[in-house]
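Here's the structure we're looking at; comments come further down.
The values are calculated or read from the model by the stated rules, or taken from the named source; none is laboratory data. Note that the structure is a prediction, hence the values are computed from the model and not measured. Every residue, glycine as well, gets a Cβ built from its backbone with ideal geometry; the counts of neighbours run over all protein chains shown. These area figures cover heavy atoms from the full protein model, side chains too; ligands, DNA and RNA do not enter into them. Shrake-Rupley method; radii C 1.70, N 1.55, O 1.52, S 1.80 Å.
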Amino acid sequence: MKKYETVIGLEVHAELNTRSKIYCSCKNAFGDEPNTNVCPVCMGMPGTLPVLNEKVVEYAVRMGHALNCKINCNSRMARKNYFYPDLPKAFQITQADMPLCEDGWLEFFSDGELKKTGIERIHIEEDAGKLIHHAQAGDSLIDYNRCGVPLIEIVTRPDLRSSAEAKSFLEMIRSVLLYLGISDCKMQEGSVRCDVNVSVREEGSDTLGTRCEMKNVNSFSGAVRAIEYESARQIKLLSSGGAVAQETRRWDDAKGMSHVMRSKEDAQDYRYCTEPDIPPVKIDRQWAENLKSTIPELPCEKIKRYTSLLGLPETEAGLIAGEPERAALFDETYDIGDCTPKNIANMILGNIMKYVNDTGTCIAEIKISAEKLSDIINRMENGIISNLSGRKVLDEIMKNGGSVDEIIKEKGLAQNSDPEYIENIVKNIILENQKSVNDYKRGKKNAEGYLVGQCIKVSGGKANPGMVAEAVKKMLKEI
Amino acid sequence: MRLCENRAFELSEMLRRKQCSAGEICEDVLNKIKETDSKIGAYVTVTEELARKNAAAVDSALASGEELHPLAGIPIAVKDNISTKGIKTTCCSKMLENYIPPFNAAVTEKICAAGMTIVGKTNMDEFAMGSSTEKSFFHPTRNPNNTDYVPGGSSGGSAAAAAADSTILGLGSDTGGSVRQPAAYCGVVGLKPTYGSVSRYGLVAFASSFDQIGPIGKCVRDTAMLLSLICGHDKRDSTSVKRNHPDYAAALSDDIKGLRIGIPSEYFGDNVEDSVRMCVINAVKEYEKKGAVIKEISIPSAEYVVSAYYIISSAEASSNLSRFDGVKYGFRAGEYGGISDMTAKTRGEGFGEEVKRRILLGTFVLSSGYYEAYYSRAKKIQNLICRDFSDALEDVDVIVSPASPVPAYKIGEYIDQPTKMYRNDIFTVTANITGLPAVSVPCGTDRNGLPVGLQLMGGRFCEQTVLNAAYACEKIIGGKYEEI
């Protein structure tokens, strides 16, 4: 049985969250009443002309820096010609032979391993309108609000080798976009989309197999399913002596399969030509350089720092670094210097994320600050409150705000860490539970845990559990 | 002399001296339209109410002593591919037969702001593709000098109206000669500005990198006044240039002593009709008498200009006209299957033959497999042509040629010979390919008494130079509209 390797390349489209559209001054917004954010320019009325929104260029250059690309100070807009009702001019103004950014790369973690994927290019273009099909009425309606919304298209080199890698890559791209603040990356709103190119080849071969392009991939997990399906389909074809035809296929996630949209023969000829209405895009080299300073520490760098310097495990580091808000809270809390990174991570990924998910908000909206978080963890680590109490304080602050120490006082959460007090309790419990002591001596390990539990109980939960456990252990050894 | 027979600068003076009112001028032009247009067919839409309203507003402003633009109250006819808000803008195509733009073109805004009286929208070859105005979906326009003959195109309506006194000034668009050639055939003045001088916002695009809106007037001074009004940067047109344009009319001078005039050796071959050649050579001789220096120059790429022009302009047109798909505005086929069928039928039925011919040509030269051989090569030739002209313009100030190798011909004469008609554009397309300014001024008549136009082309933004040379010609040769 021949062994096959899957080769994957991705084309990611992300909507940029500039205030206005790319070629006109209409509002760039999702979800408004249909055909309310339109003007003669984005409707493609006769006699109208596009004017390039400089902010779009700026956002794309910043993404170029984040993906380690070469920034082309001379690039060109081009027309991609085809007919479709959601494309008012019957051409899309995009970039063809001279894109804004080229030859970059992106590092990301997949299954605990550091990977690197080449970025072939990033270019800017306009989005099309949205068709809404009415199955029953048998007609289709068009909403042009989305026409002219700015997009960046990120094209990778075919360096990805598994669906898991592709998913990790997509998650990293999404994080980078969020870190730069240039896209809100809501796949359910269509602000980030992905086309997947899949080919297979025999393991060890260095020539690429025939690839198929898959469209209509609407989620990152959908991308995983589409890649696995397509890879299996192609391998089956080749194994049975067939050949893979170069096709564009449409992924149907509900059915878990793809079908042919266009074969190579029907391939669209887009008759690319330079856009005559927009002069060549000339960028000042110094201006482009200066934009580098607007790039924050990016997620992959954070993961590396968290794992190597702060000792966080890779999964947790990835989860913290994946969202800029989580990372910002983590970094701010750590910088105060009063508590350990592991506990900060636990609190964020535990109670804070649960609260955020339950209430449907985000970290920016809840009332926990880095100072308060640091205080809570600090009190926990100094034994002033138990871990359980710490979580209670956190939940209270997120819900109702307040001061850490006041809440501890009001709710009587302070634990007793006085060694004498602890010793007394342990002495008494041991005296009262000779049976357990004997069990322990006979080798029953959970007797120790029972004794610890009894101590906590009798103290009404106030005894420092860590100290109790240590004292019990010590005393049992001495008996 | 009737009011409508005057020139713009004269009427402007008369208004200032209260020798007539804007309302009277408007009425006389509207009457002239009624008297002549059933024969001439210069107009698609006459905007009587709007014109009277504007004239009344101008009179009112003048009465209260307001300082108005020199062209306030002067009637103007606007080619029907220039957007006028609330007024049908049809491009003389079935595709836009009932299309009413929701916005004004930049030039429309300017002429309205100056208080000019728009009297109507003029006839043209469909989507500006043609050189005779016979390709209008509605009706052909006839040359006022002899109504059996074409007025030229594609801005035939505006040129004919100016020649027939059924407007005082006109606006046309020029992609391959469509302002200059009809001006030449009708015996009026037409100028194509340097590319980027006049905003294209609101001009229905034909070939984006060639199109320019240009003024048409009965004399050079009128044309210069209108040119100054319409020039200027517009942030809605990224190809428009930031530049201060002078008052071209105020700076007009017929002193051409020392003006270096270039005669391309390649331009006076067999393809130029005898009477045309004679008129042009005569004009050059007169220039020389007045002190101009005549030099023979060479444009080696001359034989390729027409081919390069038709490839590039058709390519851009095929893309620009794709938006007419029956989905959002304009004509939609009555019966169709699915979406592709609707688009195909709409475009098949909505476009005339010449437009379809150009779209097919343009689509072909941009298609994969042919792009390199045709479009790419034509762009390279464009570079050569630009270089030839910039080289020539180092030795001369103005390049002279006939506006057209043939004078106006009979309606229907070229109807089945499109490429023969294309070759008549040989002298005008160079200005569009290079983006340089060029004007056509009357310089005599042919053996049938039809006007012959002299084309003067200059360096980038050297409109004053070409206008002055045209002014000198007008003074020397005289004719219908000579200034006394």
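Give the separation of the Cα centroids, segment A:205-237 to segment A:272-328, in Å. The distance from the Cα centre of segment A:205-237 to that of segment A:272-328 comes to 28 Å. Could you tell me how many degrees, from 0 to 90 and to the nearest 10, lie between the Cα long axis of helix A:163-180 and the main elongation axis, the longest principal axis, of the Cα atoms of chain A? The two axes meet at around 90 degrees.
For the chain pair B and A, buried accessible area totals roughly 2500 Å², probe 1.4 Å, rounded to the nearest 100. Cross-link partners for B:LYS285 among the aspartates and glutamates, with Cα-Cα distance under 15 Å and sequence neighbours closer than 8 places in the same chain left out: B:GLU296, B:GLU474.
Kirkwood-type hydrodynamic radius, chain B: 22.1 Å, calculated from all non-identical alpha-carbon pairs. Its DSSP H runs of at least 4 residues, each contributing -39,500 (n - 2.57), put the calculated 222 nm mean residue ellipticity of chain A at -12000 deg cm²/dmol, to the nearest 500. Dipole orientation for the protein assembly as shown: of the candidates A:ASN464, A:ALA166, B:ALA105, A:ASN464 has the Cα lying most toward the positive pole (charges on Cβ; Lys, Arg +1; Asp, Glu -1). The equivalent ellipsoid of chain A has semi-axes of 55, 28, 21 Å, largest first, where each one is the square root of 5 times an eigenvalue of the Cα gyration tensor. Each Lys and Arg contributes +1 and each Asp and Glu -1, all at the Cβ; summed about the Cα centre of segment A:91-178, the dipole is approximately 200 debye.
Estimated at 0.36 nm per residue, the fully extended path between A:GLU113 and A:SER403 surpasses their Cα-Cα distance by 100.3 nm.
Semi-axes of the equivalent ellipsoid for segment B:291-330, computed as √(5λ) from the eigenvalues of its C-alpha gyration tensor and ordered from largest down, come to 40, 14, 5 Å.
What do you reckon, how do A:MET77, A:MET45 stack up by accessible area (1.4 Å probe), largest on top?
Result, largest first: A:MET45, A:MET77.
Reducing segment B:268-282 and segment A:1-71 to their Cα centroids gives an inter-centroid distance of 55 Å. The smallest convex shape that holds all Cα atoms of segment B:317-425, its convex hull, gives 171 Å³ per residue. Computed from the C-alpha gyration tensor, the three semi-axes of the ellipsoid equivalent to segment B:391-457 are 25, 16, 8 Å, from longest to shortest.
With r as the distance between the Cβ atoms of A:ASP184 and A:LYS27 and R0 = 22 Å, compute the FRET efficiency 1/(1 + (r/R0)^6) and round to 0.05.
With a Förster radius of 22 Å, E is 0.90.
Highest mean first, the peptides B:254-267, A:164-177, A:218-231 sorted by other C-beta atoms within 10 Å per residue fall in the order A:164-177, A:218-231, B:254-267. Compare each residue of segment A:50-69 in its chain alone against the assembly with all protein chains, and report those whose accessible area goes down by 20 Å² or more; 1.4 Å probe, heavy atoms. Output list: A:VAL51.
Expressed as a whole percent, the accessible surface of chain B that belongs to carbon and sulfur atoms is 49, based on a 1.4 Å probe. Shown are B:LEU384, B:LEU15, whose ranking by accessible area with a 1.4 Å probe and every protein chain present, most to least, is B:LEU384, B:LEU15.
Which percent of the accessible area of segment A:173-330 is formed by carbon and sulfur heavy atoms (probe 1.4 angstrom)?
Numbers: 3860 of 7740 Å².
Solvent-exposed carbon and sulfur of segment A:173-330 make up 50 percent of the total.
Pull out a ≥ b ≥ c, the square roots of the eigenvalues of the alpha-carbon gyration tensor of the protein assembly as shown, then state rounded if a/c is under 1.5, prolate if not and a/b is larger than b/c, and oblate in the remaining case. Verdict is prolate for the protein assembly as shown.
Once neighbouring chains are kept in place and the probe is 1.4 Å, which whole percent of the accessible area of segment A:1-84 is contributed by carbon and sulfur?
On the way: 1630 of 3440 Å².
That share works out to 47 percent.
Here's how it looks for B:SER199: its modeled amide H is under 5 Å from those of B:GLY232, which are all 5 or more places away or on a different chain. Working ranking of peptides A:372-381, B:407-416 by packing, defined as the average number of other Cβ atoms within 10 Å per residue, highest first, is A:372-381, B:407-416. Scanning residues 5 or more positions from A:PHE91 or on other chains, those with amide H under 5 Å from its amide H are A:TYR82, with H placed 1.01 Å from N in the peptide plane. With 24 Å as the cut-off, how large is the P(r) tail for segment B:1-117, expressed as percent of Cα-Cα pairs? Considering segment B:1-117, 29 percent of its Cα-Cα pairs are separated by more than 24 Å.
Remark: segment A:97-106, residue by residue, has Karplus-estimated 3J(HN,Hα) of 7, 10, x, 5, 9, 8, 6, x, 7, 9 Hz, where x stands for each Gly or Pro and the curve is 6.51 cos²θ - 1.76 cosθ + 1.60 at θ = phi - 60°. Relative to the longest principal axis of the Cα atoms of chain A, the long axis of helix A:299-308 lies at roughly 30 degrees. For the protein assembly as shown, the solvent-accessible area works out to 41 Å² per residue, with a probe of 1.4 Å and every protein chain left in place.
Specify whether the C-alpha gyration tensor of segment A:319-411 places it in the rounded, prolate or oblate class, a ≥ b ≥ c being the square roots of the eigenvalues: rounded for a/c under 1.5, otherwise prolate if a/b is larger than b/c and oblate if not. Oblate shape, in that a/c is at least 1.5 and b/c is the bigger or equal ratio.
For segment A:1-128, the orientation-averaged shadow of the C-alpha convex hull comes to 11.8 nm² (one quarter of the hull surface). Computed about its Cα centre, the charge dipole of chain B is approximately 700 debye, with only Lys, Arg, Asp and Glu carrying charge at their Cβ.
Legend: residues in segment B:307-333 shielded by at least 30 square angstrom of accessible surface upon adding the remaining protein chains to the isolated chain (1.4 Å probe, heavy atoms) are B:SER319, B:SER322, B:ARG323, B:VAL327, B:LYS328, B:TYR329. Under 23 Å from the Cα of A:LYS399, which lysines turn up, not counting those fewer than eight places away in the same chain? Within the straight-line cut-off, A:LYS399 pairs with A:LYS354, A:LYS367, A:LYS372, A:LYS409, A:LYS411.
Placing +1 on each Lys and Arg Cβ and -1 on each Asp and Glu Cβ, with no other charges, gives chain A a dipole about its Cα centre of roughly 1120 debye.
Looking at B:GLY262, B:MET421, B:GLY435, which one has the Cα that reaches farthest to the positive end of the dipole of chain B (charges on Cβ: Lys, Arg +1; Asp, Glu -1)? Most positive-ward Cα: B:GLY435.
Taking the charge dipole of segment A:87-143 about its Cα centre, with +1 at Lys and Arg Cβ atoms and -1 at Asp and Glu Cβ atoms, the residue from A:GLY129, A:ALA96, A:LEU106 reaching farthest to the positive side is A:GLY129. Beyond 27 Å in Cα-Cα separation lie the following of the pairs A:LYS55/A:LYS89; B:LYS39/B:LYS121; B:LYS356/B:LYS379; A:LYS89/A:LYS116; A:LYS282/B:LYS235: A:LYS89/A:LYS116. Each stretch of four or more DSSP H residues adds -39500 (n - 2.57); spread over every residue of chain B, this sum gives -11500 deg cm²/dmol at 222 nm. Of the residues making up segment A:77-100, those losing 10 Å² or more of accessible area when the isolated chain is joined by the remaining protein chains, with a 1.4 Å probe, are A:ARG79, A:ASN81, A:PHE83, A:TYR84, A:PRO85, A:PRO88, A:LYS89, A:ALA90, A:PHE91.
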